[in-house]
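The structure appears right after this line, and notes come after that.
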Amino acid sequence: MSLKIKIDVENIAAQCKEFAIEAQQDLMKGVENLAAITHAKVVEMAAQELHTSREKFMENLGFEEISEGIWVVSVDEDAFWIEEGLKDGFDMKPGLLKNAKTSKDGKRYKVVPFEHSQTPSNLTASAQSIVSQIKSNLRKEKVPFKKIEKDSWDRPKVGKLHSFNWASDVPGRGNTPSLKGVSIYQTMTKGGNVRRDILTFRTVTENQPDKWISPGFEAKHFLDRAMEWALNEWEQKILPEIMSKWQD
């Protein structure tokens with residue numbers, strides 16, 4: 001899925017008569033600038049409107065010049081559902097089970113991690129509620145939420161440090177309490193820093209007819225909206241500025 005805006009630079013430049021070559025060069029630069037700000041506009045909208053799906057969208061957002069003067073802003077297949085939306089009742093299992101493992105009895109499965117230590121702006125309201133409950137329970141357990149835990153030698157602890165099964169509500173259409181299996185890990189990164197993650201893991205399998213059913217996702221149509229915005233930028237700002245330089 002891609003955003004394509006076709007601008008006939010050569011024909012527009014011809015209107016500048018003896019300055020056509022110079023005007024065409026400026027128009028090509030204008031097209032390049034339009035492509036860059038259009039991509040930036042998509043990124044801006046995604047940052048403002050997406051939460052848990054933001055990282056997925058950004059990973060699948062492309063921007064490149066496929067040939068001279070032809071720029072494309074695109075969304076790869078894995079993030080189509082963000083751009084086009086999902087209907088209530090959509091079965092997420094086929095997508096989740098891509099590149100899945102196979103159990104001994106021949107059934108496909110995949111373990112899906114849920115991160116609970118992200119910043120609030122990256123989380124939905126329901127996810128923020130879960131994080132709030134985790135923080136409250138950790139205070140009772142006298143375990144820090146973000147602070148790196150260290151041993152008696154003041155060295156950061158590494159590995160799985162804690163695992164909790166707290167009483168909690170069952171989210172959505174599943175049957176697993178949201179705070180079951182909350183685990184805290186600390187890992188050493190390549191740069192020598194210590195990363196702290198609070199995770200829960202859920203397993204998706206083929207034989208779960210009533211599980212992993214989406215409650216729906218509103219289509220964002222970032223590319224369509226960006227195209228409308230870009231055409232306005234071109235017609236109202238970029239093109240008039242270039243043409244005023246070369247036309248009498």
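Of note, residue 237 satisfies the criterion of being among the basic types (Lys, Arg), over 30 Å from residue 158 (Cα atoms) and free of Cβ contacts under 8 Å to residues at least 24 places away in the same chain.
One residue stands out among those in region 164-186 that are closer than 21 Å to residue 204 by Cα and of a type in the set (Gly, Ala, Ser): the one that is surrounded by the most Cβ atoms within 10 Å (Cβ to Cβ), which is 178.
Out of all the residues in region 63-81, is one or more of a type in the set (S, T, N, Q) and either touching a helix residue (DSSP H, G or I) at 6+ places or on another chain (Cβ under 6 Å) or at positive phi (or both)? Quick ask: steps written out before the conclusion?
Of the residues in region 63-81, the ones of a type in the set (S, T, N, Q) are 67, 74.
From the residues that got through so far, the ones that are either touching a helix residue (DSSP H, G or I) at 6+ places or on another chain (Cβ under 6 Å) or at positive phi (or both) too are none.
No - not one qualifying residue is present in region 63-81.
Could you run through region 1-57 and say how many residues are within 30 Å of the chain's Cα centre (by Cα) and modelled with pLDDT of 80 or more? The number of residues fulfilling the criteria is 28. Residues that are surrounded by fewer than 18 Cβ atoms within 10 Å (Cβ to Cβ) and of a type in the set (Phe, Trp, Tyr) within region 193-230 comprise 201, 217, 229, listed in sequence order. All of (1) loosely packed, with under 13 Cβ neighbours inside 10 Å; (2) under 23 Å from the mean Cα position of the chain (by Cα); (3) at negative phi hold for residue 147 with one exception: (2). Given the criteria in contact (Cβ under 8 Å) with a residue 24 or more places away in the chain, crowded, with 17+ Cβ neighbours inside 10 Å and not assigned by TED's automatic domain parsing to the domain that holds residue 231, does residue 39 qualify? Taking the combined requirement at face value, the residue does not satisfy it. Kindly indicate whether residue 180 is of a type in the set (Lys, Arg), out of contact with any helix residue (DSSP H, G or I) (no Cβ under 8 Å at 6 or more places or on another chain) and either within 30 Å of residue 38 (Cβ to Cβ) or not assigned by TED's automatic domain parsing to the domain that holds residue 101 (or both). Against the criterion (of a type in the set (Lys, Arg), out of contact with any helix residue (DSSP H, G or I) (no Cβ under 8 Å at 6 or more places or on another chain) and either within 30 Å of residue 38 (Cβ to Cβ) or not assigned by TED's automatic domain parsing to the domain that holds residue 101 (or both)), residue 180 does not qualify. All conditions in (1) in contact with a Leu (Cβ under 7 Å, 6 or more places away or on another chain); (2) assigned to a strand (DSSP E or B) hold for residue 66, with the sole exception of (1).
All of (1) among the small types (Gly, Ala, Ser); (2) in contact (Cβ under 8 Å) with a residue 40 or more places away in the chain; (3) exposed (fewer than 13 other Cβ atoms within 10 Å of the Cβ) hold for residue 125 with one exception: (2). Of everything in region 56-101 that is surrounded by fewer than 16 Cβ atoms within 10 Å (Cβ to Cβ) and of a type in the set (Val, Ile, Thr), the residue that is farthest from residue 8 (Cα to Cα) is 66.
In the set (1) among the basic types (Lys, Arg); (2) in contact with a helix residue (DSSP H, G or I) (Cβ under 7 Å, 6 or more places away or on another chain); (3) exposed (fewer than 14 other Cβ atoms within 10 Å of the Cβ), the condition left unmet by residue 110 is number (3). Return yes or no: is residue 44 under 23 Å from residue 242 (Cα atoms) and part of a helix (DSSP H, G or I)? Judged against the criteria, residue 44 is not a match.
In region 51-69, the residues that are among the small types (Gly, Ala, Ser) never reach a residue that is crowded, with 17+ Cβ neighbours inside 10 Å and part of a loop (DSSP other than H, G, I, E, B) with C-beta atoms less than 6 angstrom apart, at least six apart or across chains. The lone criterion from (1) modelled with pLDDT of 85 or more; (2) outside the structural domain of residue 42 (by TED's automatic domain parsing) left unmet by residue 209 is number (1).
The values are calculated or read from the model by the stated rules, or taken from the named source; none is laboratory data. All values derive from a computational prediction rather than experimental measurement. When we count neighbours, we look across all protein chains shown, and the Cβ atoms used for this are built from the backbone with ideal geometry, even at glycine.
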